[in-house]
Amino acid sequence: MSADLESTKTNLLGLPKAELEAFVGSMGSKPFRARQIMSWLYKRGEGDIAAMTDLAKDFRAALLERAEVRLPEIVKTQVASDGTRKWLLSGGGGQAFEMVYIPEEDRGTLCISSQVGCALDCSFCSTAQQGFNRNLTTAEIVGQVWLAIRELSGETGWKVGTGQDGEGRIITNIVMMGMGEPLANFRNVVPAIRIFLDDLGFDISRRRVTLSTSGLVPQIYKLAEEVNCALAVSLHAPNDELRSQLVPINRKHDIAELLEACWHYLDEQNGRSVTFEYVMLEGVNDQPAQARELAALLRGKPAKVNLIPFNPFPGTQYRRSTPAAIERFRDELMKRDIIVTIRKTRGDDIDAACGQLAGQVTDRTTVRLGSKTFGLQVRA
Ligand code: SAH
(Lines give C-alpha, C1' and ligand atoms only; values in the text may rest on other atoms or scores of the structure.)
Protein backbone atom coordinates (compact mmCIF):
# COMPACT_ATOMS: atom_id res chain seq x y z
CA MET A 1 0.00 0.00 0.00
CA SER A 2 1.44 3.40 -0.82
CA ALA A 3 1.77 6.07 1.80
CA ASP A 4 -0.81 7.89 -0.23
CA LEU A 5 -3.37 5.16 0.16
CA GLU A 6 -2.60 4.57 3.84
CA SER A 7 -2.82 8.03 5.36
CA THR A 8 -6.11 9.27 6.77
CA LYS A 9 -5.30 12.91 6.04
CA THR A 10 -6.51 14.46 2.80
CA ASN A 11 -3.72 14.98 0.30
CA LEU A 12 -4.02 18.53 -1.04
CA LEU A 13 -1.83 17.58 -3.99
CA GLY A 14 -3.94 16.27 -6.82
CA LEU A 15 -7.25 17.82 -5.78
CA PRO A 16 -8.66 19.71 -8.76
CA LYS A 17 -10.08 23.15 -8.00
CA ALA A 18 -13.70 22.07 -7.56
CA GLU A 19 -12.74 19.31 -5.13
CA LEU A 20 -10.39 21.53 -3.18
CA GLU A 21 -13.18 24.11 -2.88
CA ALA A 22 -15.51 21.41 -1.59
CA PHE A 23 -12.84 20.31 0.89
CA VAL A 24 -12.23 23.79 2.31
CA GLY A 25 -16.03 24.26 2.28
CA SER A 26 -16.36 21.17 4.47
CA MET A 27 -14.06 22.94 6.93
CA GLY A 28 -16.39 25.94 6.96
CA SER A 29 -14.11 28.06 4.81
CA LYS A 30 -14.67 30.16 1.71
CA PRO A 31 -13.84 28.87 -1.78
CA PHE A 32 -11.09 31.49 -2.29
CA ARG A 33 -8.99 29.52 0.21
CA ALA A 34 -8.75 26.81 -2.44
CA ARG A 35 -7.21 29.30 -4.84
CA GLN A 36 -4.70 30.35 -2.23
CA ILE A 37 -3.72 26.76 -1.55
CA MET A 38 -3.36 26.00 -5.26
CA SER A 39 -1.20 29.03 -5.71
CA TRP A 40 1.12 27.88 -2.89
CA LEU A 41 1.25 24.36 -4.24
CA TYR A 42 1.68 24.94 -7.94
CA LYS A 43 2.92 28.48 -8.43
CA ARG A 44 5.38 28.60 -5.58
CA GLY A 45 6.13 24.94 -5.03
CA GLU A 46 5.37 25.08 -1.33
CA GLY A 47 4.81 21.64 0.13
CA ASP A 48 4.60 22.71 3.77
CA ILE A 49 1.16 23.83 4.92
CA ALA A 50 2.66 25.64 7.91
CA ALA A 51 4.56 27.89 5.50
CA MET A 52 1.42 28.97 3.61
CA THR A 53 1.52 32.26 5.45
CA ASP A 54 -1.39 34.10 3.88
CA LEU A 55 -3.85 31.50 5.13
CA ALA A 56 -5.51 32.70 8.35
CA LYS A 57 -3.80 31.17 11.38
CA ASP A 58 -6.85 29.26 12.63
CA PHE A 59 -7.57 27.90 9.19
CA ARG A 60 -3.96 26.85 8.76
CA ALA A 61 -4.03 25.02 12.08
CA ALA A 62 -7.25 23.22 11.15
CA LEU A 63 -5.76 22.37 7.76
CA LEU A 64 -2.66 20.88 9.35
CA GLU A 65 -4.93 18.55 11.35
CA ARG A 66 -6.89 17.31 8.38
CA ALA A 67 -4.65 17.67 5.36
CA GLU A 68 -1.11 17.26 4.14
CA VAL A 69 0.99 17.42 0.98
CA ARG A 70 2.14 13.88 0.29
CA LEU A 71 4.64 13.17 -2.47
CA PRO A 72 6.10 9.98 -3.87
CA GLU A 73 9.60 9.37 -2.57
CA ILE A 74 12.57 9.60 -4.93
CA VAL A 75 14.54 6.39 -4.66
CA LYS A 76 17.11 6.95 -7.36
CA THR A 77 18.14 9.62 -9.88
CA GLN A 78 20.08 8.90 -13.05
CA VAL A 79 21.46 11.41 -15.52
CA ALA A 80 22.30 10.31 -19.06
CA SER A 81 25.17 11.67 -21.11
CA ASP A 82 22.66 13.66 -23.20
CA GLY A 83 21.17 15.34 -20.13
CA THR A 84 18.10 13.12 -19.95
CA ARG A 85 17.16 12.37 -16.36
CA LYS A 86 15.31 9.44 -14.95
CA TRP A 87 13.89 9.19 -11.48
CA LEU A 88 12.75 6.03 -9.78
CA LEU A 89 9.91 6.79 -7.40
CA SER A 90 8.51 4.68 -4.64
CA GLY A 91 4.79 4.15 -4.32
CA GLY A 92 5.29 2.32 -1.01
CA GLY A 93 4.86 -1.40 -0.43
CA GLY A 94 7.74 -2.35 -2.70
CA GLN A 95 6.24 -0.68 -5.73
CA ALA A 96 8.18 1.63 -7.95
CA PHE A 97 7.53 3.71 -11.03
CA GLU A 98 9.57 6.02 -13.19
CA MET A 99 9.53 9.43 -14.81
CA VAL A 100 11.92 10.88 -17.37
CA TYR A 101 12.92 14.46 -18.18
CA ILE A 102 14.10 15.17 -21.71
CA PRO A 103 15.72 18.59 -22.19
CA GLU A 104 15.81 20.00 -25.70
CA GLU A 105 16.79 23.38 -27.06
CA ASP A 106 13.27 24.71 -27.35
CA ARG A 107 11.46 22.64 -24.76
CA GLY A 108 11.66 20.49 -21.66
CA THR A 109 9.48 17.40 -21.74
CA LEU A 110 8.51 15.35 -18.72
CA CYS A 111 7.39 11.81 -19.46
CA ILE A 112 5.29 10.50 -16.58
CA SER A 113 3.79 7.19 -15.54
CA SER A 114 0.13 6.48 -14.90
CA GLN A 115 0.30 2.95 -13.48
CA VAL A 116 2.77 0.64 -11.78
CA GLY A 117 3.22 -1.94 -14.52
CA CYS A 118 0.66 -2.38 -17.29
CA ALA A 119 -1.99 -4.93 -18.18
CA LEU A 120 -2.03 -4.33 -21.93
CA ASP A 121 0.69 -6.83 -22.79
CA CYS A 122 2.15 -5.21 -25.92
CA SER A 123 4.81 -7.65 -27.06
CA PHE A 124 7.60 -5.08 -27.67
CA CYS A 125 7.27 -3.15 -24.39
CA SER A 126 9.31 -3.92 -21.30
CA THR A 127 6.71 -2.47 -18.92
CA ALA A 128 4.30 -5.16 -20.17
CA GLN A 129 6.70 -7.84 -19.00
CA GLN A 130 6.16 -6.96 -15.39
CA GLY A 131 2.38 -7.24 -15.63
CA PHE A 132 -0.06 -4.91 -13.92
CA ASN A 133 0.48 -3.91 -10.35
CA ARG A 134 -1.74 -0.94 -9.55
CA ASN A 135 -3.10 2.40 -10.67
CA LEU A 136 -1.25 5.49 -9.53
CA THR A 137 -3.35 7.94 -7.53
CA THR A 138 -4.00 11.43 -8.89
CA ALA A 139 -1.58 12.77 -6.28
CA GLU A 140 1.13 10.39 -7.47
CA ILE A 141 0.60 11.49 -11.07
CA VAL A 142 0.57 15.21 -10.24
CA GLY A 143 3.36 14.61 -7.71
CA GLN A 144 5.69 13.50 -10.52
CA VAL A 145 5.46 16.91 -12.18
CA TRP A 146 5.75 18.68 -8.83
CA LEU A 147 8.86 16.72 -7.86
CA ALA A 148 10.49 17.13 -11.26
CA ILE A 149 10.08 20.92 -11.14
CA ARG A 150 11.51 20.94 -7.62
CA GLU A 151 14.44 18.75 -8.61
CA LEU A 152 15.21 20.68 -11.77
CA SER A 153 14.74 24.19 -10.49
CA GLY A 154 17.43 23.82 -7.80
CA GLU A 155 18.91 27.18 -6.89
CA THR A 156 17.03 29.10 -9.53
CA GLY A 157 13.67 28.73 -7.85
CA TRP A 158 10.33 27.22 -8.78
CA LYS A 159 9.61 27.90 -12.42
CA VAL A 160 6.04 27.29 -13.31
CA GLY A 161 3.16 29.50 -14.24
CA THR A 162 5.21 32.19 -15.88
CA GLY A 163 4.96 33.09 -19.52
CA GLN A 164 2.87 31.48 -22.18
CA ASP A 165 4.21 28.88 -24.56
CA GLY A 166 6.88 27.67 -22.27
CA GLU A 167 8.92 30.83 -21.86
CA GLY A 168 10.90 30.72 -18.64
CA ARG A 169 9.68 27.28 -17.70
CA ILE A 170 11.64 24.16 -16.97
CA ILE A 171 8.89 21.80 -17.99
CA THR A 172 7.07 23.00 -21.07
CA ASN A 173 5.51 19.70 -22.13
CA ILE A 174 4.04 16.74 -20.30
CA VAL A 175 3.60 13.40 -22.03
CA MET A 176 1.83 10.46 -20.46
CA MET A 177 4.15 7.99 -22.14
CA GLY A 178 5.81 6.44 -19.13
CA MET A 179 4.72 3.23 -17.47
CA GLY A 180 1.11 2.19 -17.77
CA GLU A 181 -1.95 2.77 -19.92
CA PRO A 182 -3.38 6.14 -18.89
CA LEU A 183 -6.88 5.41 -20.16
CA ALA A 184 -7.01 2.25 -18.04
CA ASN A 185 -6.62 4.58 -15.04
CA PHE A 186 -9.15 7.10 -16.29
CA ARG A 187 -10.53 8.03 -12.87
CA ASN A 188 -7.17 9.26 -11.57
CA VAL A 189 -5.64 10.48 -14.83
CA VAL A 190 -8.43 12.92 -15.77
CA PRO A 191 -8.20 15.03 -12.56
CA ALA A 192 -4.40 15.07 -12.96
CA ILE A 193 -4.72 16.44 -16.50
CA ARG A 194 -7.12 19.10 -15.18
CA ILE A 195 -4.41 20.26 -12.78
CA PHE A 196 -1.79 20.30 -15.54
CA LEU A 197 -4.01 22.55 -17.65
CA ASP A 198 -5.68 24.71 -14.99
CA ASP A 199 -4.29 28.23 -14.82
CA LEU A 200 -4.34 27.82 -11.06
CA GLY A 201 -2.40 24.59 -11.50
CA PHE A 202 0.64 24.04 -13.71
CA ASP A 203 -1.00 26.14 -16.42
CA ILE A 204 0.38 24.24 -19.39
CA SER A 205 -1.26 24.74 -22.76
CA ARG A 206 -3.54 21.96 -23.95
CA ARG A 207 -1.37 21.26 -26.96
CA ARG A 208 1.59 20.57 -24.70
CA VAL A 209 -0.07 17.93 -22.56
CA THR A 210 -0.23 14.62 -24.44
CA LEU A 211 -1.98 11.46 -23.44
CA SER A 212 -0.70 8.38 -25.24
CA THR A 213 -2.94 5.33 -25.46
CA SER A 214 -2.69 1.87 -26.91
CA GLY A 215 -6.26 2.29 -28.11
CA LEU A 216 -8.95 1.94 -25.45
CA VAL A 217 -11.73 3.08 -27.74
CA PRO A 218 -14.62 3.64 -25.28
CA GLN A 219 -12.31 5.69 -23.04
CA ILE A 220 -11.24 7.88 -25.97
CA TYR A 221 -14.91 8.85 -26.40
CA LYS A 222 -15.18 9.51 -22.66
CA LEU A 223 -11.98 11.53 -22.64
CA ALA A 224 -13.37 13.77 -25.38
CA GLU A 225 -16.10 14.81 -22.95
CA GLU A 226 -13.86 15.35 -19.95
CA VAL A 227 -10.64 17.17 -20.82
CA ASN A 228 -8.96 18.89 -23.68
CA CYS A 229 -5.42 17.69 -24.29
CA ALA A 230 -3.41 16.29 -27.19
CA LEU A 231 -3.89 12.66 -28.13
CA ALA A 232 -1.24 10.17 -29.25
CA VAL A 233 -2.16 6.67 -30.29
CA SER A 234 0.15 3.67 -30.42
CA LEU A 235 -0.69 2.29 -33.83
CA HIS A 236 2.46 0.29 -34.68
CA ALA A 237 0.94 -1.65 -37.59
CA PRO A 238 -0.98 -0.82 -40.78
CA ASN A 239 -3.43 -3.74 -40.58
CA ASP A 240 -5.44 -5.63 -37.99
CA GLU A 241 -3.65 -8.92 -38.41
CA LEU A 242 -0.28 -7.51 -37.43
CA ARG A 243 -1.59 -4.99 -34.91
CA SER A 244 -3.43 -7.71 -33.03
CA GLN A 245 -0.10 -9.48 -32.54
CA LEU A 246 1.77 -6.39 -31.38
CA VAL A 247 -0.96 -4.55 -29.45
CA PRO A 248 -3.42 -7.19 -28.20
CA ILE A 249 -6.16 -4.65 -27.35
CA ASN A 250 -6.64 -4.49 -31.14
CA ARG A 251 -8.47 -7.84 -30.95
CA LYS A 252 -11.17 -6.02 -29.02
CA HIS A 253 -11.13 -2.66 -30.79
CA ASP A 254 -9.81 -2.86 -34.34
CA ILE A 255 -8.06 -0.16 -36.36
CA ALA A 256 -11.22 1.12 -38.08
CA GLU A 257 -12.97 1.54 -34.74
CA LEU A 258 -9.88 3.18 -33.25
CA LEU A 259 -9.47 5.69 -36.07
CA GLU A 260 -13.13 6.64 -35.87
CA ALA A 261 -12.68 7.38 -32.16
CA CYS A 262 -9.62 9.51 -32.95
CA TRP A 263 -11.45 11.67 -35.50
CA HIS A 264 -14.35 12.03 -33.08
CA TYR A 265 -11.91 13.19 -30.40
CA LEU A 266 -10.52 15.89 -32.69
CA ASP A 267 -14.02 17.05 -33.66
CA GLU A 268 -15.08 17.37 -30.06
CA GLN A 269 -11.89 19.08 -28.96
CA ASN A 270 -11.34 21.28 -31.95
CA GLY A 271 -7.93 19.62 -32.12
CA ARG A 272 -5.53 19.81 -35.03
CA SER A 273 -4.23 16.28 -35.33
CA VAL A 274 -3.66 12.97 -33.64
CA THR A 275 -0.11 11.64 -33.42
CA PHE A 276 0.23 8.00 -34.37
CA GLU A 277 3.20 6.29 -32.78
CA TYR A 278 4.84 3.54 -34.79
CA VAL A 279 7.66 1.53 -33.25
CA MET A 280 10.16 0.37 -35.88
CA LEU A 281 10.74 -3.37 -35.53
CA GLU A 282 13.15 -4.95 -37.98
CA GLY A 283 11.45 -7.26 -40.46
CA VAL A 284 8.13 -7.05 -38.61
CA ASN A 285 6.46 -3.75 -39.51
CA ASP A 286 9.17 -1.76 -41.28
CA GLN A 287 8.74 -2.80 -44.93
CA PRO A 288 8.01 -0.23 -47.68
CA ALA A 289 4.76 -2.04 -48.55
CA GLN A 290 3.66 -1.58 -44.94
CA ALA A 291 4.48 2.13 -45.16
CA ARG A 292 2.26 2.36 -48.24
CA GLU A 293 -0.53 0.53 -46.41
CA LEU A 294 -0.17 2.95 -43.49
CA ALA A 295 -0.25 5.93 -45.84
CA ALA A 296 -3.48 4.67 -47.38
CA LEU A 297 -4.99 4.43 -43.90
CA LEU A 298 -4.10 7.99 -42.90
CA ARG A 299 -3.99 9.92 -46.15
CA GLY A 300 -6.02 13.12 -46.03
CA LYS A 301 -6.70 12.69 -42.32
CA PRO A 302 -5.59 15.02 -39.52
CA ALA A 303 -2.76 12.69 -38.58
CA LYS A 304 0.94 12.83 -37.84
CA VAL A 305 3.13 9.77 -37.70
CA ASN A 306 5.96 9.48 -35.21
CA LEU A 307 8.38 6.66 -36.01
CA ILE A 308 10.04 5.32 -32.85
CA PRO A 309 13.20 3.25 -33.29
CA PHE A 310 12.64 0.17 -31.14
CA ASN A 311 14.47 0.27 -27.82
CA PRO A 312 15.59 -3.22 -26.90
CA PHE A 313 15.46 -4.73 -23.43
CA PRO A 314 16.73 -8.04 -22.05
CA GLY A 315 14.79 -11.02 -23.29
CA THR A 316 13.07 -9.30 -26.22
CA GLN A 317 12.62 -11.14 -29.50
CA TYR A 318 12.65 -7.91 -31.54
CA ARG A 319 15.42 -5.87 -33.11
CA ARG A 320 15.52 -2.20 -34.01
CA SER A 321 15.07 -1.44 -37.71
CA THR A 322 18.19 -0.13 -39.42
CA PRO A 323 18.46 3.64 -39.95
CA ALA A 324 18.15 3.01 -43.70
CA ALA A 325 14.91 1.05 -43.25
CA ILE A 326 13.50 3.78 -41.00
CA GLU A 327 14.37 6.48 -43.51
CA ARG A 328 12.93 4.48 -46.39
CA PHE A 329 9.71 3.99 -44.40
CA ARG A 330 9.56 7.70 -43.66
CA ASP A 331 10.13 8.60 -47.32
CA GLU A 332 7.31 6.30 -48.46
CA LEU A 333 4.98 8.14 -46.08
CA MET A 334 6.23 11.59 -47.08
CA LYS A 335 5.74 10.84 -50.75
CA ARG A 336 2.10 10.27 -49.92
CA ASP A 337 1.76 13.58 -48.04
CA ILE A 338 1.78 12.09 -44.58
CA ILE A 339 3.42 14.28 -41.95
CA VAL A 340 6.06 12.12 -40.34
CA THR A 341 8.90 12.51 -37.87
CA ILE A 342 11.48 10.10 -36.50
CA ARG A 343 11.74 10.18 -32.73
CA LYS A 344 15.22 10.78 -31.44
CA THR A 345 16.25 8.16 -28.96
CA ARG A 346 17.23 9.87 -25.75
CA GLY A 347 18.68 8.64 -22.52
CA ASP A 348 19.35 5.12 -23.76
CA ASP A 349 22.51 4.80 -21.67
CA ILE A 350 20.32 4.92 -18.55
CA ASP A 351 17.47 2.82 -20.00
CA ALA A 352 15.23 5.86 -20.10
CA ALA A 353 14.03 5.46 -23.66
CA CYS A 354 10.46 4.63 -24.73
CA GLY A 355 9.41 1.20 -23.66
CA GLN A 356 12.37 0.68 -21.37
CA LEU A 357 10.72 1.86 -18.20
CA ALA A 358 10.45 -1.21 -16.08
CA GLY A 359 10.93 0.25 -12.65
CA GLN A 360 14.17 -1.63 -12.41
CA VAL A 361 16.08 -1.31 -9.19
CA THR A 362 19.52 -2.59 -8.51
CA ASP A 363 19.37 -2.20 -4.76
CA ARG A 364 16.67 -4.56 -3.66
CA THR A 365 16.96 -3.47 -0.07
CA THR A 366 15.71 -0.01 -0.94
CA VAL A 367 12.75 -0.94 -3.06
CA ARG A 368 11.66 -4.44 -3.69
CA LEU A 369 9.68 -4.75 -6.84
CA GLY A 370 7.59 -7.83 -6.63
CA SER A 371 4.14 -9.05 -7.45
CA LYS A 372 3.26 -12.60 -6.67
CA THR A 373 0.09 -12.31 -8.67
CA PHE A 374 1.76 -11.20 -11.85
CA GLY A 375 5.22 -12.65 -11.52
CA LEU A 376 6.85 -9.26 -11.73
CA GLN A 377 10.50 -9.43 -12.73
CA VAL A 378 13.30 -7.31 -11.39
CA ARG A 379 15.98 -6.76 -13.96
CA ALA A 380 19.41 -7.07 -12.46
N1 SAH B 1 0.30 2.78 -22.78
C2 SAH B 1 0.48 3.96 -23.54
C3 SAH B 1 1.68 4.81 -23.15
C4 SAH B 1 2.97 4.13 -22.83
S5 SAH B 1 4.30 3.91 -23.88
C6 SAH B 1 0.58 3.62 -25.00
O7 SAH B 1 0.61 2.45 -25.33
O8 SAH B 1 0.55 4.52 -25.82
C9 SAH B 1 4.68 5.23 -24.90
C10 SAH B 1 5.09 4.77 -26.30
O11 SAH B 1 6.30 3.96 -26.32
C12 SAH B 1 4.01 3.91 -26.93
O13 SAH B 1 3.81 4.29 -28.26
C14 SAH B 1 4.65 2.54 -26.88
O15 SAH B 1 4.07 1.67 -27.80
C16 SAH B 1 6.09 2.84 -27.15
N17 SAH B 1 6.98 1.75 -26.81
C18 SAH B 1 6.76 0.73 -25.95
N19 SAH B 1 7.80 -0.10 -25.91
C20 SAH B 1 8.73 0.40 -26.75
C21 SAH B 1 10.06 0.00 -27.11
N22 SAH B 1 10.62 -1.06 -26.56
N23 SAH B 1 10.72 0.76 -27.99
C24 SAH B 1 10.16 1.87 -28.51
N25 SAH B 1 8.93 2.31 -28.20
C26 SAH B 1 8.21 1.58 -27.33
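The angle between the Cα long axis of helix 323-335 and the main principal axis of the chain comes to about 90°, on a 0 to 90 degree scale. Amide H contacts for S234 (H built 1.01 Å from N in the peptide plane; partners 5 or more residues away or on another chain; cut-off under 5 Å): T213, S214, G215, E277. Identify all lysines with a Cα-Cα distance to K43 below 29 Å; exclude those on the same chain that are fewer than 8 residues away in sequence. Answer for K43, where 29 Å is the Cα cut-off: K9, K17, K30, K57, K76, K86, K159, listed by chain and number. Computing FRET efficiency as 1/(1 + (r/R0)^6) for T322 and S153, where r is the C-beta to C-beta distance and R0 is 41 Å, gives about 0.50.
Inter-label distance, A289 to M334: 2.5 nm, where each label sits 7 Å from its Cα along the C-beta direction.
With contributions of -39500 (n - 2.57) from each DSSP H run of at least four residues, the per-residue ellipticity at 222 nm computed over the chain stands at -9000 deg cm²/dmol.
Helix 255-269 against the longest principal axis of the chain: what's the angle in degrees, Cα atoms only, rounded to the nearest 10? Here the helix axis deviates by roughly 40 degrees. Solvent-accessible area of the chain (1.4 angstrom probe, protein heavy atoms only): carbon and sulfur portion equals 47 percent. The label-point distance for R44 and D349, in a model that sets each label 7 Å from Cα toward Cβ, rounds to 4.0 nm. Across segment 1-132, the volume of the C-alpha convex hull divided among the residues equals 159 Å³ per residue. Can you divide the C-alpha Rg of segment 46-121 by 2.2 N^0.38 Å and report the result to two decimal places? Dividing the Cα Rg of segment 46-121 by 2.2 N^0.38 Å gives 1.54. One way to sum up the overall shape of segment 22-69 is the equivalent ellipsoid from its Cα gyration tensor, whose semi-axes run 15, 12, 9 Å, largest first. Running Debye on segment 167-282 with equal point scatterers at the Cα sites and no solvent, what base-10 log of I(q)/I(0) appears at q = 0.10, 0.23 Å⁻¹? The Debye formula, applied to the Cα set alone, gives -0.30, -1.37. Could you calculate, for segment 71-161, the ratio of the Cα radius of gyration to the Kirkwood radius, expressed as Rg to Rh? Looking at segment 71-161, the ratio lands at 0.99. Using the Stokes-Einstein relation with a Kirkwood hydrodynamic radius computed over Cα pairs, the translational diffusion coefficient of the chain at 4 °C and a viscosity of 1.567 mPa s comes to 60 µm²/s.
For segment 44-95, the solvent-accessible area with a 1.4 angstrom probe is 47 square angstrom per residue. Here the contact order of the chain, divided by its residue count and restricted to Cα pairs under 8 Å and six or more residues apart, works out to 16 percent. Seen from V305, the other residues with C-beta closer than 9 Å to its C-beta sum to a net charge of +1, counting Lys and Arg as +1 and Asp and Glu as -1. To the nearest 10 degrees, how steeply does helix 138-153 sit against the main Cα axis of the chain, on a 0 to 90 scale? Helix 138-153 and the main axis of the chain meet at about 90 degrees. Counting Lys and Arg as +1 and Asp and Glu as -1 over every other residue whose Cβ lies under 13 Å from the Cβ of A119, the net charge comes to 0.
Its alpha carbons give segment 289-337 an Rg and a Dmax of 12.7, 39 Å.
Lys and Arg at +1, Asp and Glu at -1: add these up for the other residues within a Cβ distance under 12 Å of A261 and post the number. Charge balance near A261 sits at -4. P(r) tail for segment 101-255: Cα pairs beyond 21 Å make up 46% of the total. Per residue, the convex hull spanned by the Cα atoms of segment 253-347 measures out at 122 cubic angstrom.
The values are calculated or read from the model by the stated rules, or taken from the named source; none is laboratory data. Predicted model only: the values in this text are computed from it and were never measured. Glycine gets a Cβ as well: all are built from the backbone with ideal geometry, and neighbour counts include every protein chain shown. Please note that ligands, DNA and RNA were not included when accessible areas were found on the heavy atoms of the full protein model with its side chains. Shrake-Rupley method; radii C 1.70, N 1.55, O 1.52, S 1.80 Å.
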